[in-house]
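The values are calculated or read from the model by the stated rules, or taken from the named source; none is laboratory data. If you're wondering where the values come from, they're calculated on a predicted model, not measured in any experiment. Cβ sites come from the backbone with ideal geometry, for glycine too, and all protein chains shown count toward neighbours.
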Amino acid sequence: MGICVGSTVQVALLLAPALVVISYLMGHPMNLVLTNPLELIAIVGAVLAVNAIASDGETTWFEGVLLVSVYCLFGLAFFFANRKSGSQKILRSDYGFVGWERLRDCR
């Protein structure tokens, strides 16, 4: 289990800064600032869940189901948190997708 978690950490430590640099080169700057408290809660929750599952050195199918359940709960939390944050903003207007607000206005 240590190898799986260790390699995941190595990929995350290399990939996150690389994506920031690549985003600046592509002209769409991205940073690693967590502005929504839910993002920080999700990271801490994922770390705690993996730590609890991997601490004994073996996994079962039920622990896998628990990890998938945590993933689904985070997805629902982000879905509803973004929905309640006010009016729906235009999504990816740079790429041609006008978002739900504009689609509703076109009718």
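Data for the structure
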item: Flag for Gly45 being surrounded by 12 or more Cβ atoms within 10 Å (Cβ to Cβ), of a type outside the set (D, E, K, R), assigned to a helix (DSSP H, G or I) and modelled with pLDDT of 85 or more; result: yes
item: Top-ranked residue in the stretch 25-42 [being under 30 Å from Phe80 (Cα atoms) and assigned to a helix (DSSP H, G or I); ranked as farthest from the chain's Cα centre (by Cα)]; result: Pro37
item: Residue under evaluation Val21, criteria (1) touching a helix residue (DSSP H, G or I) at 6+ places or on another chain (Cβ under 6 Å); (2) in the same structural domain as Ile3 (by TED's automatic domain parsing), criterion not met; result: (1)
item: Every pair of residues 6+ apart whose Cβ atoms lie under 8 Å, when the first sits in the stretch 28-42 and is touching a residue at least 40 places away in the same chain (Cβ under 8 Å) while the second is charged (D, E, K, R); result: His28/Asp94
item: Selection status of Leu13, outside the structural domain of Tyr71 (by TED's automatic domain parsing), in a helix (DSSP H, G or I) and modelled with pLDDT of 90 or more; result: no
item: Scan of the stretch 53-70 for residues that are surrounded by 12 or more Cβ atoms within 10 Å (Cβ to Cβ) and in a helix (DSSP H, G or I), ordered by number; result: Ile53, Ala54, Glu63, Leu66, Leu67, Val70
